[in-house]
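Novice: What follows is a structure written as structure tokens; I'll ask about it next.
The values are calculated or read from the model by the stated rules, or taken from the named source; none is laboratory data. This one's a predicted model, so the numbers in the text were calculated from it and none came from an experiment. Glycine also receives a Cβ, built like all others from the backbone with ideal geometry; neighbour counts cover every protein chain displayed.
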Amino acid sequence: MKKIISMFVILSSILSCSDKEDSPIGLSSDILITHITINYANNTDYSKSFNYENGNELSSTVDSNENREYYTYEGDFVTKIEIDYKDPKFSNERFFTYDATGRLIQEITLYDYNSVGTKTVFTYNTNGTINYTTYSGNLTTQNTLSIQGTYTLDSAGQILTNAYTDANAISTVLSYTYDSKNASHLNIKDGSKGFKYIFGGINNTKTHKFVRSGMEIYSYSSDFEYNSNNYPVSEHKTENGGLTWILYTYNK
């Protein structure tokens, strides 16, 4: 699955911060993330800027490595993301399809460089879980089974676990916990219903674990500071024994 990239930028002079998690979430739907930058434990930096059209429609992003993303909307829904990497081997296009109720039912990803395509089909269960099946193939047809998995969600549609098995019968479980504050990407336009897939959840990820074949491969935990509108302005992420320092910038 996809990683959401976090980064570092200097904001302290304009921020009112708190790390208490019992304060109410503010009604501030016009606040949009504009820049995120990260300082890794090895002292390398990475940044990403966000551009908008028509209010809160995300039109494009650009990062410090000159990689770009371009977003296409149809009404309230993201239907295409074109990811243009400086190294063309990694560039791809993602296409999203929704049902009549606004639920995401299919994602197709095409890699022109090596003519590879993947298709993921989502099925919604009555118990609130979501099954998905991923197929691989070429740019035209994807019908070779590669992954079968299940998402469990919280009441806000945020992913709690992603448990899947690949074509080699290797099982993987990704798990997440969240804070109770506004996520940095909360107000980016996204009309999809019941499943926070493209831009992440309404809250911020506090912990994450990646377990494969019963063995923990990777994990991290994050502590946040928030502004007066309960959006994160800094994040201290502990991963693999190192500390990553992140700051977030908004349009207001």
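Novice: Looking at the structure I just gave you, is Ser155 modelled with pLDDT under 95 and among the small types (Gly, Ala, Ser)?
Specialist: So Ser155 passes the test.
Novice: Among Ser222, Ser192, Ser184, Ser175, which is assigned to a strand (DSSP E or B) and surrounded by 17 or more Cβ atoms within 10 Å (Cβ to Cβ)?
Specialist: Among Ser222, Ser192, Ser184, Ser175, only Ser222 is assigned to a strand (DSSP E or B) and surrounded by 17 or more Cβ atoms within 10 Å (Cβ to Cβ).
Novice: Here is a further query. Could you tell me whether region 66-89 includes any residue that is in contact with a strand residue (DSSP E or B) (Cβ under 7 Å, 6 or more places away or on another chain), in contact (Cβ under 8 Å) with a residue 12 or more places away in the chain, within 28 Å of Val211 (Cα to Cα) and aromatic (Phe, Trp, Tyr)?
Specialist: The answer is no; no qualifying residue exists.
Novice: Give Asn138, Asn125 a once-over and let me know the one that is touching a residue at least 12 places away in the same chain (Cβ under 8 Å) and among the polar types (S, T, N, Q).
Specialist: Asn138
Novice: Run Ser136 past the list (1) under 29 Å from Phe224 (Cβ atoms); (2) in a strand (DSSP E or B) and report the number of the one that doesn't hold.
Specialist: Result: Ser136 passes all but (1).
Novice: So is Thr161 more than 19 Å from Val121 (Cα to Cα), of a type in the set (Val, Ile, Thr) and part of a strand (DSSP E or B) or not?
Specialist: When the stated conditions are applied, Thr161 does not pass them.
Novice: Another question, then. State which residue is farthest from Glu239 (Cα to Cα) when the search covers only region 39-53 and only residues that are in a strand (DSSP E or B) and hydroxyl-bearing (Ser, Thr, Tyr).
Specialist: Applying the filter and picking the extreme gives Tyr52.
Novice: Quick one: Thr244 ticks every box in (1) assigned to a strand (DSSP E or B); (2) among the polar types (S, T, N, Q); (3) without any contact (Cβ under 8 Å) to a residue 60 or more places away in the chain; (4) touching a Lys or Arg at 6+ places or on another chain (Cβ under 9 Å) except a single one, so which number is it?
Specialist: So Thr244 meets the others, but not (3).
Novice: Being closer than 23 Å to Gly55 by Cβ, over 16 Å from the mean Cα position of the chain (by Cα) and of a type in the set (Asp, Glu) is the filter here, so list the residues in region 73-112 that pass it.
Specialist: Glu74, Asp76 - these are the residues of region 73-112 that are closer than 23 Å to Gly55 by Cβ, over 16 Å from the mean Cα position of the chain (by Cα) and of a type in the set (Asp, Glu).
Novice: Read through the list (1) hydroxyl-bearing (Ser, Thr, Tyr); (2) within 27 Å of Tyr248 (Cα to Cα); (3) touching a residue at least 24 places away in the same chain (Cβ under 8 Å); (4) loosely packed, with under 15 Cβ neighbours inside 10 Å, then give the number of the only condition that Tyr46 fails.
Specialist: (4)
Novice: So, one more: So how many residues does region 172-199 have that are over 15 Å from Glu235 (Cα atoms) and charged (D, E, K, R)?
Specialist: Going through region 172-199 one residue at a time, the tally reaches 4.
Novice: All but one of (1) in contact (Cβ under 8 Å) with a residue 40 or more places away in the chain; (2) outside any strand (DSSP E or B) hold for Lys237; which doesn't?
Specialist: Status for Lys237: all satisfied but (2).
Novice: Can you give me the number of residues within region 60-114 that are surrounded by 15 or more Cβ atoms within 10 Å (Cβ to Cβ), of a type in the set (Asp, Glu) and closer than 24 Å to Asp45 by Cβ?
Specialist: Within region 60-114, residues that are surrounded by 15 or more Cβ atoms within 10 Å (Cβ to Cβ), of a type in the set (Asp, Glu) and closer than 24 Å to Asp45 by Cβ number 3.
Novice: Pick from Tyr248, Tyr220: which is within 30 Å of Thr79 (Cβ to Cβ) and either hydroxyl-bearing (Ser, Thr, Tyr) or in contact with a Pro (Cβ under 6 Å, 6 or more places away or on another chain) (or both)?
Specialist: Tyr248
Novice: Something else about it: Filtering region 167-201 down to residues that are within 16 Å of Ile130 (Cα to Cα) and basic (Lys, Arg), which residue is modelled with the lowest pLDDT?
Specialist: Lys196
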